[in-house]
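None of the figures in this text is laboratory data; all of them are computed from the coordinates on show. What you see is a predicted model; the values in this text were computed from it and never measured. Here the Cβ is made from the backbone with ideal geometry for all residues, glycine too, and neighbour counts use every protein chain on show.
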Ligand code: F0G
C-alpha cells in the first residue's frame, strides 16, 4: 500500500520514522516527541489543493447532526474537523478509509467579531482593528479538546485499542469520556483530587468513564497514566493526552476555521492560553503545513498566555532564553528549570484550573511553533484572567477562566505596542462558560479579590410587588 502518513521523531538528530499502525507516546529510540507527517503529493495532489473544497463543504451547515460515531460523507462534512480531512490524511490508512473516521459532529464552532470588546482592549475598530473570538466551547463536550479526540479516537480504532485513558485538568477527561461512550471503548480518566471544575467532572461521570481521583496534581496524574501506558501491557491503555501526535492533527483545524471565518485571510495574531501546550504546538504545525502546501503565503504571529501561577513556558522562553534552534534546543536548561521547581517546591497554582500545569509536555513542539509563528509568551495573573473572562461574558458569549487568559493577553500586548491598534487578532476561547460556574458566580458575588469591574451580583429581594419593582428600577 502507498504510504501517505507516518510518525516521525521531532529531534533532527534522530528523525526516526514509524508507521501509523504503531501506538507510541514518544520516540522509542531517543524519547523525543513524535509528529504525524505526510507525503503531501500523494495525499493531496497539487492540482486539487485549494481552500475552495472546504468552502463547499462548509455550506452544508444545517445538515442533520448524525447520531453516534459513524461517518458518512455528510457526517464528515458536518464536522468542523473532518471538513478539512485533506489536511490530516492519516485516516487514509484506516482499513475502510473515511468510513472508519470517528465523528460526533465536533468543531462546529464560531468566530465572533467582537468590536465592543476590541475597543475595551485598546484596538481602534474605526480604523479596521479587529478582535475575533473563536468559541471552542461550542464543541459537543464544551471545549476545544473534541477537535483532538475525534482524530485520536479515529487512530485508536485504526489500531483496535481496547482501553483509552488520560490525565486531565477536566476538559480532556470530559471529551475522552464522550468519545469513549460513543465508540464503546472503555475509558479511564485520572484527575487530581480537588483540581477539577465541577462542570467537567460531572461530564466524565455522566458519560460513564471510570474516574480515578488521584491524590496529586495534573502532573502526577499524567506521569502515572504514561507509566501505565508504557510499562503495563497487561492493562493495555491507549493514551489520549496531547503527547499523542494524532490528537494534535485534529487541533490544527481550529486554525482552519479561523481562516475560513476570515474568508481565508490570515490574521495578524493568534492568541491562546498555554497549559500543556498542545494547542500552541498544533497551531504552529498547521501554519507550517499550509505554507508548505502553498495555500498561504504569510503566517500569523502567535501569543501564548500563561497564568502567572503556572508560568513554566514563560520562564523557559523569556527567563532562560530557550529557542527551538532547529530542534537542538537547550534541553539542559529546560531540565534545570523543572529541577529548580521541584527543589523549591514550586507547584502550579491558578484560578484557571485548566492550565494549572507544572511541566507542559508539549514544550519542545511549542518552542517550534514559536519559531514558525514568530511567537511571544506572556503571563496574566489570576485577577486579570478573571476580569477578562468577565469581559468576554459582558461583551461576548462567555468562556471559562483559562480562556480569559487569551483576552488578557491581547490587552497586555496592545499596551506593549506589539499588537497594533489596527491589527486583526483572533483569540481562541478554549472552553465553555458553563464549565466552571463556581468562579463566575464567585466573581459576580464579589467573593474574589480584585477590582471586579463587571461584577453583577444577584439582588436579594422580598416576595413583595413594591420591593421587587424598587429592586428592578434601582
Ligand atoms: N484551556 C482550557 C479550557 C483547557 O482545558 C486547557 C487544557 C487549556 C486551555 C490549555 O491547552 O494544554 O493545549 O495548552 N486542558 C487540559 C485538560 C490539560 O486536561 O483538560 P493546552
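The table for this structure:
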{"item": "Net length gained if the chain between residue 160 and residue 13 were fully extended (0.36 nm per residue, minus Cα distance)", "result": "49.7 nm"}
{"item": "Rounded, prolate or oblate (a/c below 1.5 giving rounded, otherwise prolate when a/b exceeds b/c) for the stretch 314-368 by Cα gyration tensor", "result": "oblate"}
{"item": "Model label zone, residue 438; criterion: amide N under 12 Å from point 7 Å along Cα-to-beta-carbon; scope the stretch 342-368", "result": "351-354"}
{"item": "For the stretch 27-47 versus the stretch 309-366, the gap between their alpha-carbon centres in whole angstrom", "result": "26 Å"}
{"item": "Extension gain, residue 416 back to residue 234 (0.36 nm per residue minus Cα-Cα distance, nm)", "result": "60.2 nm"}
{"item": "Reciprocal of mean inverse Cα separation for the stretch 338-474 (Kirkwood radius, Å)", "result": "17.5 Å"}
{"item": "Listed peptides 194-205, 364-375 by packing density, highest first (mean Cβ within 10 Å)", "result": "364-375, 194-205"}
{"item": "Which of 14, 27, 166 has the fewest Cβ neighbours within 10 Å, and the rest in rising order", "result": "14, 27, 166"}
{"item": "Debye intensity ratio in log₁₀ form over the Cα atoms of the stretch 211-301, taken at each q of 0.19 Å⁻¹", "result": "-0.89"}
{"item": "Residue order, fewest to most beta carbons within 10 Å, for 468, 305", "result": "468, 305"}
{"item": "The stretch 102-151 and the stretch 250-273: distance between their alpha carbon centers, rounded to Å", "result": "9 Å"}
{"item": "Share antiparallel - DSSP beta bridges, the stretch 70-196, percent rounded to 5", "result": "45 percent"}
{"item": "Computed over the stretch 239-303: relative contact order in percent, which uses C-alpha pairs under 8 Å that are six or more apart", "result": "38 percent"}
{"item": "Those residues of the stretch 301-318 whose amide nitrogen sits under 20 Å from the label point placed on residue 343, 7 Å along Cα→Cβ", "result": "311-318"}
{"item": "Cβ crowding within 10 Å averaged over residues, with 421-427, 48-54, 276-282 ranked highest first", "result": "276-282, 421-427, 48-54"}
{"item": "Potential lengthening between residue 110 and residue 72 on full extension [0.36 nm per residue; Cα-Cα distance subtracted]", "result": "11.4 nm"}
{"item": "Label-point separation, residue 328 to residue 100 (7 Å along Cα→Cβ), nm", "result": "3.9 nm"}
{"item": "As computed over the stretch 148-276, the Cα convex hull volume per residue (Å³)", "result": "119 Å³"}
{"item": "Mean Cβ neighbour count within 10 Å, used as a protection proxy, ranking 119-131, 139-151, 237-249, 383-395 highest first", "result": "139-151, 237-249, 383-395, 119-131"}
{"item": "222 nm mean residue ellipticity, helices alone, for the chain (DSSP H n ≥ 4; -39,500 (n - 2.57); rounded to 500)", "result": "-11000 deg cm²/dmol"}
{"item": "Ascending count of other beta-carbon atoms within 10 Å, so fewest first, for 255, 158, 341", "result": "341, 158, 255"}
{"item": "Bridge type composition, the chain - antiparallel percent by DSSP, nearest 5", "result": "30 percent"}
{"item": "Size of the stretch 214-363 as Cα extents on the principal axes (Å, biggest first)", "result": "48, 40, 34"}
{"item": "Principal semi-axes in Å for the chain [√(5λ), Cα gyration tensor, largest first]", "result": "33, 25, 25"}
{"item": "Cα centroid separation - the stretch 416-468 against the stretch 192-230, whole Å", "result": "28 Å"}
